[in-house]
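First up is the structure itself, then whatever we jot down about it.
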Amino acid sequence: MKLGVLADPSLGNSAGSHPCRACLLEIEFMDVPAVDQLINTGPNAATMRSEIAAAIKDAILAQLPA
């Protein structure tokens, strides 16, 4: 399974030359005060960011061939 948002051969990322292993992920809107506190300014923000990053890593690794 390919992950990717850039599938334009003119960018040099065709499957033949450079398989795309990128994705665009929108987590939440940062202009929402509750989200800003949860992810940026709140007392558990660092933990939350780490948990989000770990979940993204796990999801990507689960999709890669063994």
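The values are calculated or read from the model by the stated rules, or taken from the named source; none is laboratory data. None of these values were measured; they are calculated from a predicted model. Quick reminder, even Gly has a Cβ in these numbers, built from the backbone with ideal geometry, and neighbours come from all protein chains shown.
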Looking at the range 26-55 only, could you name the residues that are of a type outside the set (Asp, Glu), surrounded by fewer than 10 Cβ atoms within 10 Å (Cβ to Cβ) and modelled with pLDDT under 90?
29
Tell me whether the range 16-24 contains one or more residues that are surrounded by fewer than 10 Cβ atoms within 10 Å (Cβ to Cβ), over 19 Å from the mean Cα position of the chain (by Cα) and at pLDDT below 60.
yes
